[in-house]
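Since the structure comes first, as structure tokens, the remarks are kept for the end.
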Amino acid sequence: MFKILIADDEPFTRRCIINALPWEENGFSVVASCKNGKEAFEALEQYLPDIVITDVRMPIMDGLDLLKKIQESYPHICVIVISGFEEFDYVKTAMDYGAYGYVLKPLNPDELLTVVKKAAASITDKRKLKELIITEKSILNSVLRGEYPSDRFLGHTDLIDSLENQYYTAALMSLNGSQYMLDAEIYFQAIKKHPGEFFFPNVNFQHVFLLCHEDIEKLSNYTERLHKDLEHYLSGYTGYCVAVSTPHHGLMGILEGLNEASDTMNLRYIVSDNRIYYAGQEYNANYALFDDQIKEMTSAVLYKDIHGSTTLLDAFLAKGQMNMYSIKDFANHLIYKLSNHIHTDEFKVQAASYAVKIYMSHEIPEIKDLLCGFLENCIKHLNKESQSNTSVILHAAMEYIEANLSNPNLSVADIAKHVHLNAAYFSTLFSNNCKTTVINHIIRKRMELAKVNLVGTNLKIAQIAEQSGYLNSTYFCQLFRKNTGMSPLEYRNLNKVPPTPDTSPTESSPPTAPR
């Protein structure tokens, strides 16, 4: 039911508008009638109308002033103006101010109803679009946190399919100072020009810009424009860094892009702060003079030789050929190189912590101690990784999936956490070794469980759906048909084992004596 407020200084006109039309039959309710614009504006907060019908000529506050105040404070309200033909200049001004439509006096009830219906349809379209945008952002937000869209987005399969067909570029922005967080969100909303541009503040203490488009060339144009806008926005700040991924396809590509941008962010420590970096591009870092030493040290760590790696570090620093800034560049490049060999979330957090401490340090001995601690930490994690090889990880993951098939909230992030990996790396590891995605594997195992229950039990379809991890039986049936080519009931009827006839002797039919 759409709510209507009427503003007209003539009581007769107000009564005509209220009584001459079958409002309720057409889905409308007149909630208030006011004799001037001031009274109407004061009533808005109380009645919260969807549509305001106002005369343009009224005492105290006329319709044009009322329209301007509505546009400033309640821009979602549709305003329809009433005017005489001789006052048509007022109508043109009202349309310039943002009025939805107009009706000329003397009022024609059918004409007024037609305009009001069109206004209501416009409001409905805007609400649907707003809900769609909110849902779209919620889906993307869930993916950013490692969760593939689940049953809570049931009914939005078309939207999810559409998002799966997009290319995505992820950009991370790190700012030294939380006071800039709100500024960045306000600024990004102001520069947003396309529906495929999203901003997610404070995801793991960093801003995330997500750009998407089904055309990879247009996505490149979005990225170029974001670069220019961010350069303008960040020109007054110090201690910032932006890292931009290459384009990736599909929803899981968002996580790949996020991981790529996160790795690229480490360039701030080996090149410089206060700039925008792109994944895959070469940058002139200050480590050319010590590249060989880093290779030797990395090799020693990968061989788990703590004595060798620390000896190399001592020998290198003992030369005394570098200043504080060069040592920081060296240290953070070493952290960056070794971070590419260890993939657990725990290690990445620890590596980032070491990098920040070195960045903030002002003493060479302190940096040396931090580096020694980092090298020991690397070897500890490498030992842990060697104990948890790929087959063990995948076996543990599949056991966890089997044990949680009935959990409707089972997500990639949950499984990855169980095996102590980040979601993007685990997804890639699973896909490369199992020749299918984690989501498809879960669906296949749930369908297998459903088949067993369909044939082996008399449970209702809704109960089987719930045991298979789907709270909505309609969605379960659709998914079952998609995977088997038939409905659950058809599968049950086709595969049900008929009862074995009882051939044992009965009292009325004594056994025949052998001949």
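The values are calculated or read from the model by the stated rules, or taken from the named source; none is laboratory data. Here the structure is a predicted model, which is why all the values come from computation and not from measurement. Using ideal geometry, Cβ is built from the backbone for each residue, glycine included, and neighbour counts are taken over all protein chains shown.
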Hey, among LYS368, LYS337, LYS348, which residue is crowded, with 16+ Cβ neighbours inside 10 Å, within 25 Å of the chain's Cα centre (by Cα) and not assigned by TED's automatic domain parsing to the domain that holds GLU466? LYS348
Please determine whether any residue of region 393-403 is acidic (Asp, Glu), in a helix (DSSP H, G or I), more than 26 Å from the chain's Cα centre (by Cα) and within 22 Å of LYS337 (Cα to Cα). no
Hey, can you tell me all the residues within region 216-247 that are touching a Phe, Trp or Tyr at 6+ places or on another chain (Cβ under 7 Å) and in a loop (DSSP other than H, G, I, E, B)? TYR237, PRO247
Please work out which residue is surrounded by the most Cβ atoms within 10 Å (Cβ to Cβ), limiting yourself to region 123-132 and to residues that are touching a residue at least 12 places away in the same chain (Cβ under 8 Å) and over 12 Å from HIS156 (Cα atoms). ILE123
Determine, yes or no, whether LEU421 is surrounded by fewer than 17 Cβ atoms within 10 Å (Cβ to Cβ), in a loop (DSSP other than H, G, I, E, B) and among the hydrophobic types (A, V, I, L, M, F, W, C). no
I'd like to know if region 109-128 contains one or more residues that are among the β-branched types (Val, Ile, Thr) and under 29 Å from PHE198 (Cβ atoms). yes
Please specify each residue of region 12-30 satisfying the condition of being within 39 Å of the chain's Cα centre (by Cα) and surrounded by 17 or more Cβ atoms within 10 Å (Cβ to Cβ). PHE28
What residue, among those in region 77-111 that are more than 20 Å from LEU21 (Cβ to Cβ) and β-branched (Val, Ile, Thr), is farthest from the chain's Cα centre (by Cα)? VAL91
From the option list ILE51, ILE60, single residue qualifying as at positive phi and aliphatic (A, V, I, L, M) is ILE60
If you go through region 332-346 one residue at a time, how many are farther than 12 Å from THR298 by Cβ and at pLDDT 85 or above? 0
Test each condition in (1) under 27 Å from MET265 (Cα atoms); (2) of a type in the set (Asp, Glu); (3) surrounded by 15 or more Cβ atoms within 10 Å (Cβ to Cβ) for GLU363 and report the one that comes out false. (3)
Kindly establish whether HIS381 is out of contact with any Lys or Arg (no Cβ under 8 Å at 6 or more places or on another chain) and outside any helix (DSSP H, G or I). no
Go through region 169-216 residue by residue and tally those that are in contact with a helix residue (DSSP H, G or I) (Cβ under 8 Å, 6 or more places away or on another chain), at pLDDT 65 or above and β-branched (Val, Ile, Thr). 3
Expected output for region 2-30 (first residue among the basic types (Lys, Arg), partner surrounded by fewer than 16 Cβ atoms within 10 Å (Cβ to Cβ) and assigned to a strand (DSSP E or B), Cβ below 7 Å, 6+ apart or cross-chain) is LYS3/SER29
Determine whether ILE270 is outside the structural domain of ASN422 (by TED's automatic domain parsing), at pLDDT below 80 and surrounded by 20 or more Cβ atoms within 10 Å (Cβ to Cβ). yes
Of everything in region 441-493, what is outside any helix (DSSP H, G or I) and either outside the structural domain of SER406 (by TED's automatic domain parsing) or surrounded by fewer than 17 Cβ atoms within 10 Å (Cβ to Cβ) (or both)? Give them in sequence order. THR457, ASN458, LEU459, LYS460, LEU471, ASN472, GLY485, MET486, SER487
Looking at TYR74, is it surrounded by fewer than 18 Cβ atoms within 10 Å (Cβ to Cβ), in the same structural domain as PRO109 (by TED's automatic domain parsing) and touching a residue at least 40 places away in the same chain (Cβ under 8 Å)? no
When only residues in region 94-114 that are crowded, with 18+ Cβ neighbours inside 10 Å and in a helix (DSSP H, G or I) count, which is modelled with the highest pLDDT? LEU112
Only residues that are part of a helix (DSSP H, G or I), in contact with a strand residue (DSSP E or B) (Cβ under 8 Å, 6 or more places away or on another chain) and surrounded by 15 or more Cβ atoms within 10 Å (Cβ to Cβ): list them for region 77-92, please. TYR90, VAL91
Can you name the condition, by its number, that THR436 falls short on among (1) in a helix (DSSP H, G or I); (2) exposed (fewer than 14 other Cβ atoms within 10 Å of the Cβ)? (1)
